[in-house]
Amino acid sequence: MAFEGLADRLQSTIKKITGKGKVSEQDVKEMTREVRLALLEADVNFKVVKNLINRIKERAVGQEVMESLTPGQQVIKVVQDELTALMGGEQSKIAVADRPPTVIMMTGLQGAGKTTTTGKLANHLRKKHNRSPLLVACDVYRPAAVNQLETLGEQLNMPVFSMGTKANPVEIATKAIEQAKAEHNDYVIIDTAGRLHVDNELMEELEEIKSSVKPDEIFLVVDAMTGQDAVNVAESFNEQLDLSGVILTKLDGDTRGGAALSIKAVTDKPIKFAGMGEKLDQLEAFHPERMASRILGMGDVLTLIEKA
Amino acid sequence: EKTRTSFSSKINNLLARYRSVDEDFFEELEDILISADVGVTTVMDLIDELKMEVKRQNIKETDKMKEVISEKLVEIYYGEDSDQIESMNIQNDELTIILVVGVNGVGKTTSIGKMAYQFKQEGKRVVLAAGDTFRAGAIEQLEEWGKRAEVDVIKQSAGSDPAAVIFDGIKAAKSRKADVLICDTAGRLQNKVNLMNELSKVNRVIEREVPGAPHEVLLVLDATTGQNALSQAKTFSEATNVSGIVLTKLDGTAKGGIVLAIRHELNIPVKYVGLGEQVGDLQEFDAHAFVYGLFADMLQE
Ligand SMILES: Nc1nc2c(ncn2[C@@H]2O[C@H](COP(=O)(O)OP(=O)(O)OP(=O)(O)O)[C@@H](O)[C@H]2O)c(=O)[nH]1
Ligand SMILES: Nc1nc2c(ncn2[C@@H]2O[C@H](COP(=O)(O)OP(=O)(O)OP(=O)(O)O)[C@@H](O)[C@H]2O)c(=O)[nH]1
Ligand SMILES: [Mg+2]
Ligand SMILES: [Mg+2]
């Protein structure tokens with residue numbers, strides 16, 4: 001594997017300080033250096049890493065070593081605690097509007113997984129909550145985007161509202177709500193075209209859709225493999241749309257997924273679901289504490305603690 | 001272009017703020033490179049080499065650092081090679097087969113549409129093979145790009161065997177006397193063993209049908225991707241013989257610095273960059289321009 005887990009990184013430092021009674025400043029410095037590298041290799045944004053490291057240093061220096069733990073394990077514990085705290089608690093609830101339909105809007109960069117996740121969410125709402133969603137094809141730009149959503153609708157045997165590619169996305173969204181009311185669909189999920197957070201014209205289009213259909217949820221769909229730029233993307237989308245949550249896709253890959261931490265840190269919005277594959281039933285509730293472990297390669301760390 | 005300006009202005013700020021080349025200076029340089037997704041190992045190596053160079057040349061002032069930094073980056077990129085590594089392996093008077101691979105959603109199909117358009121503009125006869133038979137709407141998407149580029153698309157129905165589609169594509173390309181056949185494949189994460197095996201099979205069909213083919217296996221990487229791109233490059237290289245990279249979505253704010261690490265560690269060059277969603281938004285990669293471009297403003301002064 002390309003990435004060493006934190007445990008591998010800490011091996012030698014841990015050996016050196018085993019048997020000491022107190023964690024010294026120098027020990028902490030050496031260990032946080034390794035923690036920093038591990039987090040950066042996991043794609044956590046460097047500024048987020050900096051803040052974390054400072055907090056970890058403050059907490060770790062001068063701590064009495066607990067009898068049950070070696071100093072190394074203790075630093076790891078502090079790191080894990082801090083990460084878990086930053087990731088926040090589990091939160092996979094979806095809003096319910098007082099008067100149906102509940103409107104969900106999907107947004108994000110190109111290729112993040114919005115259209116697929118639109119299908120997955122619809123499937124989830126029907127299976128787990130007994131709802132009947134209407135899918136809305138508002139991507140009029142990408143070749144065959146409407147076709148893609150319609151195909152997903154067929155696979156799910158669910159209605160898809162589309163007006164082709166000549167219509168305006170704001171108008172499509174508005175008309176879709178009318179149809180949902182007439183047909184008694186209790187959820188409306190709006191698939192939008194992928195766009196760059198710095199594309200003013202297309203970002204404005206999202207604001208217009210938002211102000212005309214007043215969504216109950218606005219999700220940012222983010223590829224779990226995203227690197228340092230995740231903070232810029234999440235910050236822009238959140239500033240312009242006031243997101244209600246984030247969905248992390250492609251977590252079935254082998255990425256550490258540090259973007260999750262970065263996004264949570266800059267937006268403070270909950271990551272609600274995780275995409276775990278290309279199939280329409282591969283959507284799971286997001287588990288923040290598991291994510292923290294994954295970012296650190298914590299599987300290894302736990303065995304290390306057991307070994308020592 | 002945005003990428004480069006913001007990157008070089010950061011370096012410029014850095015040079016302006018620090019008079020002397022000290023630990024703080026290197027620490028911030030490290031941050032800048034990390035924030036461009038260059039990758040920890042490559043950055044550490046680079047910083048170490050820079051520190052040595054500073055000692056060797058007895059550099060004390062930051063403005064002397066400009067050249068040293070960019071020289072080192074170019075060195076990392078090229079190693080012993082010349083800029084020949086960026087050019088595509090296109091056959092004269094014979095069919096050239098290009099296989100396009102990568103993880104989900106990076107821009108494979110779009111890049112194929114753009115490449116087809118370029119080749120067509122150059123007067124070449126181009127055929128596309130719709131080897132993604134899995135993702136909803138994938139065939140229709142490639143067909144739309146075929147229309148835009150005015151080239152033929154060979155397809156079967158959704159769900160059919162990708163290797164069979166590619167086989168059909170080769171047959172059609174031969175009988176239509178095409179110059180270039182570009183094969184689309186479904187996106188797949190590199191840790192999916194079955195899907196990677198499927199890709200090897202597609203590759204073998206091409207090898208078997210046309211000796212010397214595929215002439216290029218292009219791995220498409222999304223510039224927004226972080227360190228995982230390195231693992232993608234490694235694993236896709238094991239399944240096929242990746243000969244080059246298409247770095248897409250460079251029109252955003254992500255820097256795509258991971259290609260330096262990939263070149264550094266795996267020796268795979270970048271051949272094209274994607275700069276938008278339109279048919280003309282593909283440029284040949286020029287590493288000198290890319291690396292020097294990161295520091296364009298600095299070098300001009
Ligand atoms: N492995 C895996 N693939 C996924 C996941 N979610 C989406 N994908 C794939 O990622 C690719 C892009 O997904 P789309 O749903 O088309 O992404 P999008 O955001 O709608 O893309 P644009 O509309 O072009 O911006 C497709 O190949 C999907 O099958 C996931 O959780 N895991
Ligand atoms: N801004 C920008 N968007 C791009 C670029 N290249 C591709 N895209 C967009 O990225 C999204 C995904 O592109 P596709 O060509 O469908 O990607 P793919 O790799 O074929 O995806 P799958 O087949 O689902 O794995 C689409 O919305 C494209 O328009 C680029 O260079 N810049
Ligand atoms: Mg889409
Ligand atoms: Mg494709």
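The values are calculated or read from the model by the stated rules, or taken from the named source; none is laboratory data. Worth saying up front: this structure is predicted, and the values here are computed from it rather than measured. Reconstructed Cβ throughout: ideal geometry from the backbone, glycine too, with neighbour counts over all protein chains shown. Note: areas computed on protein heavy atoms with side chains; ligands, DNA, RNA excluded. Shrake-Rupley method; radii C 1.70, N 1.55, O 1.52, S 1.80 Å.
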Checklist outcome for this item: How many residues of region B:224-254 are within 14 Å of ligand 2 (Cβ to nearest atom) and within 23 Å of B:GLU75 (Cα to Cα)? The answer is 6
Checklist entry - Does any residue of region B:71-85 turn out to be over 25 Å from B:LEU250 (Cα atoms) and either within 16 Å of ligand 1 (Cβ to nearest atom) or among the basic types (Lys, Arg) (or both)? => result no
Next on the checklist: Can you find a residue that is more than 14 Å from ligand 1 (Cβ to nearest atom), within 27 Å of the chain's Cα centre (by Cα) and more than 13 Å from chain B (Cβ to nearest Cβ) anywhere in region A:135-157?
Outcome noted: no
Item to check | region B:225-247: number of residues that are in a loop (DSSP other than H, G, I, E, B), open to solvent by less than 10 Å² (accessible area, probe 1.4 Å) and at the interface with another protein chain (Cβ under 10 Å from one of its Cβ atoms) | outcome: 1
Checklist entry - Is it the case that region B:248-268 has a residue that's open to solvent by less than 10 Å² (accessible area, probe 1.4 Å), touching a Lys or Arg at 6+ places or on another chain (Cβ under 7 Å) and not acidic (Asp, Glu)? => result no
Checklist entry - Regarding B:ASP93, is this residue outside any helix (DSSP H, G or I), surrounded by fewer than 20 Cβ atoms within 10 Å (Cβ to Cβ) and on the phi > 0 side of the Ramachandran plot? => result yes
Item to check | Positions within region B:229-266 being among the polar types (S, T, N, Q) and closer than 19 Å to B:ASP31 by Cα, in sequence order | outcome: B:THR253
Item to check | Scan of region B:13-62 for residues that are among the acidic types (Asp, Glu) and part of a helix (DSSP H, G or I), ordered by number | outcome: B:GLU23, B:ASP24, B:GLU27, B:GLU28, B:GLU30, B:ASP31, B:ASP45, B:ASP48, B:GLU49, B:GLU53
Checklist outcome for this item: Within region B:16-28, residues at pLDDT 70 or above and within 18 Å of B:ASN58 (Cβ to Cβ) come out as B:SER20, B:VAL21, B:ASP22, B:GLU23, B:PHE25, B:PHE26
Checklist entry - Would a scan of region A:82-90 turn up a residue that is of a type outside the set (A, V, I, L, M), within 16 Å of ligand 1 (Cβ to nearest atom) and over 15 Å from the mean Cα position of the chain (by Cα)? => result no
Item to check | Test result for A:VAL188, touching a residue at least 24 places away in the same chain (Cβ under 8 Å), away from ligand 2 (no atom under 16 Å from the Cβ) and away from every other protein chain (no Cβ under 11 Å) | outcome: yes
Next on the checklist: Tell me which helices (runs of 4 or more DSSP H) are completely within region B:101-207 and hold 1 or more residues being in contact (Cβ under 8 Å) with a residue 24 or more places away in the chain, open to solvent by 20 Å² or more (accessible area, probe 1.4 Å) and away from ligand 2 (no atom under 13 Å from the Cβ), or say none if there are none.
Outcome noted: B:108-121, B:162-175
